[in-house]
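Chemist: Dumping the structure here so I can ask a few things about it.
Just so it is clear, none of the values below were taken in a lab; they were calculated from the coordinates. Computed from a predicted structure; not experimentally measured.
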Amino acid sequence: MANHIFLFLNINKIQRMRLCLRILIATMILIIVSCGKTKEVSTSKSTLPSKPKVKEAVKVEKTASYEDFESFYMKFHKDSLFQISRIKFPLQGYDIDTSENASKWSKQNWVMHKAQISSVDTSKYKIEVQTNKEIRKERIFIEGGGFSTERVFKRINGKWYLTLFINEEM
């Protein structure tokens, strides 16, 4: 049938080859251009689902803005102004001394905590630590009584705070 078309056009063999070559090149260009348009369409469509990826990136940034407990803990025990700023006063808890007088914690009666739990003499004291992403509980005590202290740190709006301190010396 293709030969019939060429006969109708009344052209010789060389001219037919040139015409076929031109048709082939035109077809290839058309395919390349249409593939390019398809890629553009698919690219533009693929940008629509990328919005959740942007949201994921925002979530990562929010997560990244959460303060690392270990960094907080080191600074809490070294910097008195930082420590005061990271205590939720009036602080929950109490202090019972040997005279069995109980007192609440305020900025006025707060004494800076310098010792980290890792510096506690474990031959004398027992240590219990419970940690998760939002809360850290520390308890130091003498088995059988006589002394117990407990601290609770909580992550509030991405930052760590001391929210409870109980000190019992009997």
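Chemist: May I ask you to compute the full-extension gain from ILE25 to ILE127, defined as 0.36 nm times their residue separation minus their alpha-carbon distance, rounded to one decimal in nm? Write down the numbers at each step before the final one.
Modeler: On the way: separation 102, 0.36 × 102 = 36.72 nm, distance 8.11 nm.
Stretched out fully, the ILE25 to ILE127 stretch lengthens by 28.6 nm.
Chemist: Set the bar at 23 Å for Cα to Cα. Now go through LYS114/LYS159; LYS137/LYS159; LYS107/LYS133; LYS114/LYS137; LYS126/LYS159; LYS114/LYS154 and name every pair that lies beyond it.
Modeler: LYS107/LYS133; LYS126/LYS159
Chemist: Test of understanding: what is the full-extension gain from ILE135 to SER85, defined as 0.36 nm times their sequence separation minus their Cα-Cα distance?
Modeler: 16.2 nm
Chemist: Calculate, in nm to one decimal, what ASP97 and ILE14 gain on full extension: separation in residues at 0.36 nm each, minus their alpha carbon distance.
Modeler: Stretched out fully, the ASP97 to ILE14 stretch lengthens by 18.7 nm.
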